[in-house]
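Just below is one structure, and these are the notes that go with it.
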Amino acid sequence: MSAADRVETRMVFPVFPMNTNHYRTLFGGTAVAWIDQAAFICATRWCRRKVVTVRISEVNFHHPVREGSIVEVIARLVGTGRSSMRIAVDVWWEPMDHNERVLVCQAECVLVAVDEQNRPVTVPPLTETMSECSGAGRGQHGIHPWADRSTDQARMRSPLAMNRESAGHPRPILQAWTDCNGCDRRAWATPGTEETAAAHCVARAESD
């Protein structure tokens, strides 16, 4: 498997009754579990090491997923640090009886590669060329559509945030790789605010 092929992972699930609630639509928790699984496989294929999930971004659901339909989960590697990998995940819904495809939700996961003693280890860097090779349908240069690349930091913008902006609301403070308060580590967090436990996990992994 080439490096370009390892950048993207696709998983397809049929939605059975055991996956749904009493409204006969997919449990949100099941969708999040599928997101985590796809991100896990994508990260594992990239580094071929033990990986752990340290962060999943907010997940906004845009469309119900009905029982008896098909769900495709597409996970793409969009960035690497020293030991961390950022995986952008799209979840798509398809009915079984006609040709239709709807984006259900999106998320970004951060996973860290560790050794047998659970210490962070380095991962292969993602190059711009590899990112471009897997970027079909994801915007210029394969960058996730939530990512604002106007600066050198990847700042995630959810569809909810973009909808608020289009309605005239102020642009929200966005998360980015930034310096931790009171130390020299880097973390995925909102600049100028207290760091979350997950951000500290990533920061610790990146600095070790």
Report task. Check whether at least one residue in the range 125-141 is at pLDDT below 95, on the phi > 0 side of the Ramachandran plot and assigned to a loop (DSSP other than H, G, I, E, B), and report yes or no. Result -> yes
Query raised in the report: Which is part of a loop (DSSP other than H, G, I, E, B) and under 24 Å from residue 6 (Cα atoms), of 45, 82?
Result: 82
**Report entry** Qualifying positions in the range 34-78 - among the hydrophobic types (A, V, I, L, M, F, W, C), at pLDDT 95 or above and surrounded by fewer than 16 Cβ atoms within 10 Å (Cβ to Cβ)
**Finding:** 52, 70
Query raised in the report: What number of residues in the range 79-131 are without any contact (Cβ under 8 Å) to a residue 12 or more places away in the chain and either surrounded by 22 or more Cβ atoms within 10 Å (Cβ to Cβ) or of a type outside the set (S, T, N, Q) (or both)?
Result: 4
Query raised in the report: Restricting the range 48-79 to residues that are charged (D, E, K, R) and part of a loop (DSSP other than H, G, I, E, B), which is nearest to residue 29 (Cα to Cα)?
Result: 58
Query raised in the report: Any idea how many residues of the range 45-76 are in contact with a Lys or Arg (Cβ under 8 Å, 6 or more places away or on another chain) and either aromatic (Phe, Trp, Tyr) or free of Cβ contacts under 8 Å to residues at least 40 places away in the same chain (or both)?
Result: 1
Query - Selection from the range 30-42 of residues that are farther than 24 Å from residue 64 by Cα, touching a residue at least 40 places away in the same chain (Cβ under 8 Å) and out of contact with any Lys or Arg (no Cβ under 9 Å at 6 or more places or on another chain) - result: 40
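The values are calculated or read from the model by the stated rules, or taken from the named source; none is laboratory data. Everything numeric in this text was worked out from a predicted model, so none of it was measured. Please note: Cβ atoms are built from the backbone with ideal geometry, for glycine as well, and neighbour counts cover all protein chains shown.
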